[in-house]
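S.K.: Pasting a structure here, questions to come.
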There are 2 protein chains.
Amino acid sequence: MARAEVALICYESSDGAVMEANNEKMHKLTHFRLCPYSRSIRVLLAELGLQVEAVEEQPWDMSLSFLQLNPAGELPVLEIDAGPILCGTYSISEYVAEELKRHPVDGLSVPLFPGTREERAEVRRLVDWFHGKFDREVTRELLYEKVYARLQPGMSGHSPDADIMRAVRANLRYHLSYIGYLAHGRRWLAGEDLSFADIAAAAHLSSIDYFDEVPWEDYPQAKDWYARIKSRPAFRVVLADRIPGSPPPRHYTDLDF
Amino acid sequence: MARAEVALICYESSDGAVMEANNEKMHKLTHFRLCPYSRSIRVLLAELGLQVEAVEEQPWDMSLSFLQLNPAGELPVLEIDAGPILCGTYSISEYVAEELKRHPVDGLSVPLFPGTREERAEVRRLVDWFHGKFDREVTRELLYEKVYARLQPGMSGHSPDADIMRAVRANLRYHLSYIGYLAHGRRWLAGEDLSFADIAAAAHLSSIDYFDEVPWEDYPQAKDWYARIKSRPAFRVVLADRIPGSPPPRHYTDLDF
């Protein structure tokens, strides 16, 4: 379980802390523990067994040094050792996919964009769905209302906007039924193979599940799919995340929730 | 100028109208004339000399048949003749790039993602910047306030929200200075070669320029870059678009603006 162990060290580091799993030079990932984009890349890297130095950046109060690294001010950023600085999930995931194509990893069961051209197009459609549409309609608003807003200087008294939360919860149900529809007809969301679409979708749901906002019982097919990806060792990298002062519900880490 | 002519027929079609440039079977593109995502794909297809049957869909009032085609309810959608249905710019652009790699088009000067792995990562970072960040901070809000809102049933009296427009204009200046910074150090935005990053950026700016919202004179380097991409024959596909009742400023189609 070396992968999982490496990952476990990773997210138990506090802000700015550095994971030192060994003495090799390592790639460096700047992320935030609840950021769904960061989570999708952290799970991906764990699936690949890739050790990274993990550093956290606070989305609601970004440092000048981070903005110099990525002027878009968006997470995650992956600094390849003696290589390029990759900003954002799109650039990172496609770069890693190109690397895997050039240098396949023996026994690796997780091609990001598997199958034929048509199948890869379906994976990308769904990555876009979750990192684009789902984020706009659910995750972005929920994280702001539940976490980012109150952590901003002088806004500790912020309480979630009831209208926004109502809209977010309604949107989430629509997305859960779509996930259930996909998971009913296919083994994984984009087809027979696990792909980056599953990782992206699970990254968003895990961020929301931390706040017990996912009505799993009403969507058994989505729940079954999530239970399968949640039980993968690589997923432990996100399940052990904690926000000081707001623990997750008991089922958050329960693999048989 | 066959490409440009084909393109010209394309956007002069009214809603639902079909372009019939020849009797071949054709791919079908569902788009909206001011949608920046649609524009980036329309320019790309014109650069490739690819003839498509163009059909318009109204983003503020989508048809059931379109939602069945793309449940995400997002434009554009490219239906490949005897091939897959590609939803969204991410899926379409990467599919077309894979096709070009398999079947290079003689004399074609526009690889979407040119160069080395590192250079392709930079192209994707910037595509993400414009189709992601720029859209959220500028184009999406501006199009809603200026067009989509008032075209919705019962909202013909809508006038743009002053606070939102002020924020959008401030954001736009920030993005224009970044474009100028990129265009100053490089021939095109992502490097020495034209790429899909230039096409995506120009697609957003062209949608905004239609409403005379781009302070070009304050950003000469961004203006010089835009003048270069605007003068390409393929770009005519978007420069001839018109919205009934709101003509563009004179400089919109002027290649020496």
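S.K.: Per residue of B:65-77, what is the mean number of Cβ atoms on other protein chains within 10 angstrom of that residue's Cβ?
M.R.: Mean partner shielding for this stretch: 2.
S.K.: Quick check: Cα centre of the range B:113-179 to Cα centre of the range A:143-207, how many Å?
M.R.: If you average the Cα positions of each part, the centres end up 23 Å apart.
S.K.: Taking only C-alpha pairs under 8 Å that are 6+ residues apart, what is the relative contact order of chain B in percent?
M.R.: With pairs under 8 Å counted, the relative contact order is 24 percent.
S.K.: Percentage of Cα-Cα pair distances in the range A:62-206 greater than 28 Å, rounded to whole percent?
M.R.: The answer is 32 percent, as a whole percent.
S.K.: Send over the Kirkwood Rh of the range B:137-257, from the inverse of the averaged 1/r over different Cα pairs, rounded to one decimal Å.
M.R.: 15.2
S.K.: Using label points projected 7 Å from each Cα along Cα→Cβ, tell me how many nm separate A:S159 and B:S156, to one decimal.
M.R.: In this crude label model, A:S159 to B:S156 measures out at 4.4 nm.
S.K.: What total accessible area, in Å², is buried where chains B and A meet, using a 1.4 Å probe and rounding to the nearest 100?
M.R.: Protein heavy atoms only, the B-A interface buries about 2800 Å².
S.K.: Using a label point 7 angstrom from Cα along Cα-to-C-beta, what distances in nm, from shortest up, separate A:Q152 from the other copies?
M.R.: Between copies, matching label points for A:Q152 lie 2.4 nm apart.
S.K.: Another question, then. Along the range A:142-152, what does the Karplus equation 6.51 cos²θ - 1.76 cosθ + 1.60 (θ = phi - 60°) give for ³J(HN,Hα), rounded to whole Hz, x for Gly and Pro?
M.R.: 5, 5, 5, 5, 8, 10, 4, 4, 6, 8, 6
S.K.: Hey, another quick one. Between B:E118 and B:R187, what is the label-to-label distance in nm when each label sits 7 Å out along the Cα-to-Cβ direction?
M.R.: Placing both labels 7 Å along Cα→Cβ, they lie 1.9 nm apart.
S.K.: Residues in the range A:158-193 near a label at A:D224, defined as backbone nitrogen under 17 Å from the 7 Å Cα→Cβ point?
M.R.: A:176-193
S.K.: Mind listing the phi-derived Karplus ³J(HN,Hα) values for the range A:119-132, rounded to whole Hz, using 6.51, -1.76 and 1.60 with θ = phi - 60°, and x for any glycine or proline?
M.R.: Working through the residues one at a time gives 5, 5, 5, 5, 4, 5, 4, 7, 4, 4, 4, 7, 6, x Hz.
S.K.: Return the aspartates and glutamates within reach of B:K101: Cα separation strictly under 14 angstrom, same-chain partners fewer than 8 residues apart disregarded; answer none if there are no such residues.
M.R.: Correct list for B:K101: A:E98.
S.K.: GNM, chain A, Cα, under 10 Å: largest mean-square fluctuation among A:S40, A:S207, A:S159?
M.R.: Highest fluctuation among the options: A:S159.
S.K.: Any idea what log10 I(q)/I(0) is at q = 0.08 Å⁻¹ for chain B, Debye with uniform C-alpha scatterers and no solvent?
M.R.: -0.29
S.K.: Under a point spin-label approximation (7 Å from Cα along Cα-to-Cβ), what is the B:A240-B:M62 distance to one decimal in nm?
M.R.: 2.8
S.K.: Another question about this same structure. If amide hydrogens are placed 1.01 Å from N in the peptide plane, which non-local residues have theirs closer than 5 Å to the one on B:A54?
M.R.: Sorted by chain and number, the residues that satisfy this are B:M19, B:L29.
S.K.: Obtain the radius of gyration and the Kirkwood radius of the protein assembly as shown from its C-alpha atoms and give Rg over Rh.
M.R.: Taking Rg over the Kirkwood Rh, I get 0.95.
S.K.: Using a simple charge model, +1 on the beta-carbon of Lys and Arg, -1 on the beta-carbon of Asp and Glu, nothing else, what dipole does the range B:211-257 show about its Cα centre, in debye to the nearest 20?
M.R.: So the dipole magnitude of the range B:211-257 works out to roughly 300 debye.
S.K.: Label position 7 Å from Cα toward Cβ: report the copy-to-copy distances for A:L67 in nm, one decimal, ordered from shortest.
M.R.: Relative to the other copies, A:L67 has label-point distances of 4.1 nm.
S.K.: Follow-up question, since we're still on this one. Sort B:26-37, B:225-236 by the packing proxy (mean of other Cβ within 10 Å over each peptide's residues), most packed first.
M.R.: Output ranking for B:26-37, B:225-236: B:26-37, B:225-236.
S.K.: Which percent, to the nearest 5, of DSSP beta bridges fully inside the protein assembly as shown are antiparallel?
M.R.: Here the antiparallel bridges make up roughly 60 percent for the protein assembly as shown.
S.K.: Between B:E99 and A:R102, what FRET efficiency follows from the Cβ-Cβ distance if R0 is 22 Å, with the result rounded to 0.05?
M.R.: E(calc), rounded to 0.05, equals 0.65.
S.K.: Another question, then. Under a point-charge model restricted to the Cβ atoms of Lys and Arg (+1) and Asp and Glu (-1), what is the dipole moment magnitude of the protein assembly as shown relative to its Cα centre, in debye to the nearest 20?
M.R.: 20
S.K.: When the accessible area of chain B is split by element with a 1.4 Å probe, what percent falls to carbon and sulfur?
M.R.: Ligands and nucleic acids excluded, carbon and sulfur reach 50 percent.
S.K.: Averaged across the residues of A:126-138, what count of C-beta atoms belonging to other chains lies within 10 Å of each residue's C-beta?
M.R.: Counting Cβ atoms of other protein chains within 10 Å of each residue's Cβ and averaging gives 3.
S.K.: Would you kindly work out, in nm and rounded to one decimal, the distances from the label point of B:L100 to those of the same position in each other copy, ordered shortest first, with label points 7 Å along Cα-to-Cβ?
M.R.: Nearest to farthest, the other copies are at 2.4 nm.
The values are calculated or read from the model by the stated rules, or taken from the named source; none is laboratory data. Here the structure is a predicted model, which means the values were calculated and not measured. Backbone-built Cβ (ideal geometry, glycine too); neighbour counts: all protein chains shown. The accessibility values were calculated without ligands, DNA or RNA, using every heavy atom of the protein model including side chains. Shrake-Rupley method; radii C 1.70, N 1.55, O 1.52, S 1.80 Å.
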